Each structure stands twice: as C-alpha cells, then as structure tokens.
Amino acid sequence: MTKENPTRSSGGILRTLAYLVIIIFFGLMSVFAYTLITGANRASQAVVQPIGDLVRQLVVPVTPVILPDPVTIVQAINDLTRLETASFEFQQVVTAETNREILWGALGESIIFVGYGKVYAGVDLARMSVNDLQVLDPVTVQVHLPPAEIFADIPVLDTERSYVADRNTGILKRADPELETQVRRAAEQAIKEAAAESQILARADYNAQEYMRAFLQGLGFTNVIFMASPPEPAPPYVQPIPKGFAVTPQPGQ
C-alpha cells in the first residue's frame, strides 16, 4: 500500500485556490467595468440632451400666421344685409276738425284717432366696404359701421291696434272718408318724429356694435375696435419670429 505524497496534495489545493481567486477577480473587474461604462453613458446623455434640444430648436420651423382676408369678412357681413337692432312703440292721439264754426256745426265734422305704432332702427350692413374693416394682426381688427337709421320702409302704424275713438258729423254733412286717411298720416308722422327725438338711434348704434363684436369674436378676433370713420389702411403684418426659428411657407403660398 502506497502513501499519498503530502507535497503533491498541498500543491493541488494551492492551484485550486489560485484559480478561484483569479475567477473572482475577473468577475469583480467585469462588474466594475459594466458599472463604470453605464454611468459614463448616462452622464454623456445628460450632457448631450440639452445640446440636442438646442440644435433641434435651430432647425424647427415656425408655422406662419395667416391673417383673415378682409374682403371675405366684409362679404360675409354684407350677407347679413340690414340689421334691426332697436325698436320703440308709441301711442299717438290725433284730433281733426272741419267747418265746426259754420251754421253752428251743421256742416262740420270732427274725429279723434288713436294710433299705435312701432319704429324700427338699425344699420344697413350692405353699405360696408373693404375700407370699413382693417385687420391689424391675428386678434385685432378695426371696424367702421354705417350710422344707425330709422327704416322708413317698414310700416309704422299697427292697423290692428289703431282705431277711431270718436267721430261726429253735422246734420248737413256726410262723413268724409279722406279725413280718416289724413289723421292716420298725421299719427304716423307724429310717431316718426317722436322716435327721432328719442334715444332709438343711439341704442341701435350700441346694439349693432355688440352684435358685430360677437360676430367677429366668433372669427377669432379678441380685440375689436370700432372707429367713427373708416380706419387708415393697416400696415403689413410682420410675424414675430423667436430666435433660432424660421418661417416655413405653407404649400401653395
């Protein structure tokens, strides 16, 4: 029976330990290298990201702002035609007499007429031209409206409510049909004059501006300026461009 050599046995153990140490060392070095490379990549990305954003800003185009065409807007306003923005109701009593002093009224006639009427006022938008509207920028527009007027072509008297309150004719006189026509005309004229002396035109102007303001705000204009006379031609609009950007023309322009 042979005995194992102690020297050879101890040498094998040392070699095994050496291999384990080498494997552990390379393993640790691999983990360290991976951690170092990953951290370096993250750091480089953090530095490169702002630079990349800056470079992209230098080449990102700005969409140009397109101003609405005033001609198109005015044509749309003209399509609204006449805008009735105020109406007043009036009652007028008219008395007419003829020949009341002849033969103690035997040839005379009298009539009392109560007239009810309604007067309409507003602006005729068909009278607006391109010069009455100037677009200053995408949100600002200057507008000159035609002056308010009382629409004379609308009947004033309400025939259903107006009536003859009293009528007397002398014993030798027939009722004159023309007399009632005259008092109706007089009542209508008196109502028109009363309307002209009232605040109907001022109210019609104000209501027309409010209506037009709402109409233009619906088109995107947040600043609507009303002018007493046609505004001066607007200077060419220059779009503000941020530094590093450029306006890219739209297709077809």
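Read the figures in this text as sums done on the coordinates, not as results from a lab. Remember, predicted model here, so these are calculated numbers, not experimental data. In this analysis, Cβ positions are derived from the backbone assuming ideal geometry, glycine residues included, and neighbour counts consider all displayed protein chains.
A few remarks follow.
- Between Ala196 and Phe151, the contour length at 0.36 nm per residue exceeds the alpha carbon distance by 15.1 nm.
- Förster radius 45 Å - calculated FRET efficiency between Val114 and Thr63 (Cβ-Cβ, nearest 0.05): 0.10
- Protection-proxy order for peptides 230-238, 138-146, 161-169, each taking the mean of Cβ atoms within 10 Å per residue, highest first: 138-146, 161-169, 230-238
- Counting Lys and Arg as +1 and Asp and Glu as -1 over every other residue whose Cβ lies under 11 Å from the Cβ of Glu180, the net charge comes to 0.
- Within the shell defined by Cβ-Cβ distances under 15 Å, the residues around Val71 carry a net charge of -3, with Lys and Arg each +1 and Asp and Glu each -1.
- Relative exposure of Ser129, Ser229, Ser110, judged by other C-beta atoms within 10 Å (fewest first): Ser229, Ser129, Ser110
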